[in-house]
Amino acid sequence: MRRTKRLGRYHLTERIAYGGMAEIFRGFTYDDDGFRRDVAIKKLLPHYVEDKSFIDMLTDEFKLVSHLKHPNIAEVFELTEIEDTLLIAMEYVDGKDLRSAVEKARQRGVSLQFDDIAYVLARALDGMHHAHVARDEKNQPLRIVHRDFSPSNILVAYDGTVKICDFGIAKATHNRVQTKTGIIKGKVKYMSPEQAFGRKLDWRSDIFSAGSVLYELATGAAPFTAANEIDLIFAVRDAEPRPSGQVNRHIPAELQQIIEKSMTRSRSGRYQTAMEFRDALLGFLRRYNPKYRRTKLARFLKKLWAEEIEKELRAMEDFVLDASPSQDLGKNLIADALGPDATYSKFSPNPTSNVDPDRAVSGINGIESEQTIDDPVHAAKTEMIQSPKADKRRATQPVRQARGKSDEVDPIHNEKTALTDTSDDLAGEKTTVETPPKGHSVNE
């Protein structure tokens, strides 16, 4: 048996990733009702922890992120200094990032079908729109731009739930430490032309990036390629990818048009909001597969990751709690932005008396179950829309999942393609279409 590593309110188990900025661990803590809550813990590498200006910038940016509460955004619980390190505690998504899923599928000789692609991107755009129009407690727009919308920052759970993450390099007008105009951040091949030029950005930059991701998923090829990063930057600036239909002739014409509009070089020619882009994808999905539901994607993912799911189940059963008496919970640098009743404040490293310690770390959310709860996003104030018949001419994809007659239709088909208030919005915020921020003409 292995022992968990105690760090503040959390128990760390497996290291699941290692990047240029942080180590990422799977961990867990306990709610005030005694139930275990899985979390993802990012431990910043030492050279970042020692950079005070970077920590100040990160603190400001995570204070912005603390305003984001949406089913399609991975929640950030705290940014905490503890034991000479800095940890970011986040919602754990029981699945993999989209980049890993695409690569795994490629290795298996399969791929996501067009309806799955449209669904995943539509849900990611739901979360992105929420971030774009988010407001603070004074009802002032935060003007958040993700700047790094890419497959590695789109998390897809084994049950088909989609969440975007890593707003850590988000830039907004309320940052005390601004990212200097002219400095390029993000993954080059998913950048917008204006980002590759180092210009000031608004949320339409994220829309271009989402279009680049959609292009790559639909064609199986990156929209921009070059022998080196400098030439790649120039290719992104020119924004002249080969038409998606020429790369993959099976892409439906409607989806080709959506890709083309989202990747227009001129900002004024693109979708003007993430929600407008999202509605275009949902319209395509309704016509392409009127009976689509999230369980189709879930079945594909559970089959794709079957071995990994089994290993993760077994690995969690090998751990026992670190019962060390440490009382150091660290200093949460964004506590004032989160407020006194924040989620993290109810976390405890120890289970309550009604929890059997021998079972404290067993199981991981019952992922082996085929029962999948319907996606709750936009369930409020929706209107039934009769879906047109599916396009009988649509191309056959590499993998075709059978649907049982008893499958319920995903509520994605009950959504009215108009913006409405939902219980997921921030207090005092209307989920409405907003014009681009001041200082950015719609004619750019």
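Worth a mention:
- Some residue of the stretch 41-49 being modelled with pLDDT of 95 or more and aliphatic (A, V, I, L, M): yes
- Q272 passes every criterion in (1) over 29 Å from R143 (Cβ atoms); (2) within 24 Å of the chain's Cα centre (by Cα); (3) part of a loop (DSSP other than H, G, I, E, B) apart from (1).
- Yes/no for Y119 being in contact with an Asp or Glu (Cβ under 7 Å, 6 or more places away or on another chain) and modelled with pLDDT of 95 or more: no
- Residue selected from the stretch 334-358 under the condition loosely packed, with under 13 Cβ neighbours inside 10 Å and assigned to a helix (DSSP H, G or I), by the criterion modelled with the highest pLDDT: D336
- The stretch 63-74, residues that are surrounded by 18 or more Cβ atoms within 10 Å (Cβ to Cβ) and of a type outside the set (G, A, S): K63, L64, V65, H67, L68, H70, P71, N72, I73
- Test: residue in the stretch 319-333 that is within 25 Å of E75 (Cα to Cα), modelled with pLDDT of 90 or more, not small (G, A, S) and not in a loop (DSSP other than H, G, I, E, B): yes
- Filtered by the rule that a residue be in contact with a strand residue (DSSP E or B) (Cβ under 9 Å, 6 or more places away or on another chain) and assigned to a helix (DSSP H, G or I), the stretch 31-52 gives P46, Y48, V49.
- Only listed residue being modelled with pLDDT of 90 or more, part of a loop (DSSP other than H, G, I, E, B) and β-branched (V, I, T), chosen from V93, V102: V93
To keep it simple, each residue is scored yes or no on (1) in a helix (DSSP H, G or I); (2) crowded, with 19+ Cβ neighbours inside 10 Å; (3) charged (D, E, K, R).
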{"site": "F54", "(1), (2), (3)": "yes, no, no"}
{"site": "E61", "(1), (2), (3)": "yes, yes, yes"}
{"site": "V110", "(1), (2), (3)": "no, no, no"}
{"site": "L121", "(1), (2), (3)": "yes, yes, no"}
{"site": "L125", "(1), (2), (3)": "yes, yes, no"}
{"site": "H130", "(1), (2), (3)": "yes, yes, no"}
{"site": "S152", "(1), (2), (3)": "yes, no, no"}
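- Note on the stretch 221-233: among residues that are part of a helix (DSSP H, G or I) and touching a residue at least 24 places away in the same chain (Cβ under 8 Å), the one that is surrounded by the most Cβ atoms within 10 Å (Cβ to Cβ) is I233.
- Subset of the stretch 238-257 (residues that are in contact with a Lys or Arg (Cβ under 9 Å, 6 or more places away or on another chain) and either part of a helix (DSSP H, G or I) or surrounded by fewer than 18 Cβ atoms within 10 Å (Cβ to Cβ) (or both)): D238, E240, H250, E254
- Some residue of the stretch 311-324 being more than 24 Å from the chain's Cα centre (by Cα), under 30 Å from T59 (Cβ atoms) and in contact (Cβ under 8 Å) with a residue 40 or more places away in the chain: yes
The values are calculated or read from the model by the stated rules, or taken from the named source; none is laboratory data. These numbers come from a predicted model, not from an experiment. For neighbour counting, all protein chains shown are included, and Cβ atoms are generated from backbone atoms with ideal geometry for every residue, glycine included.
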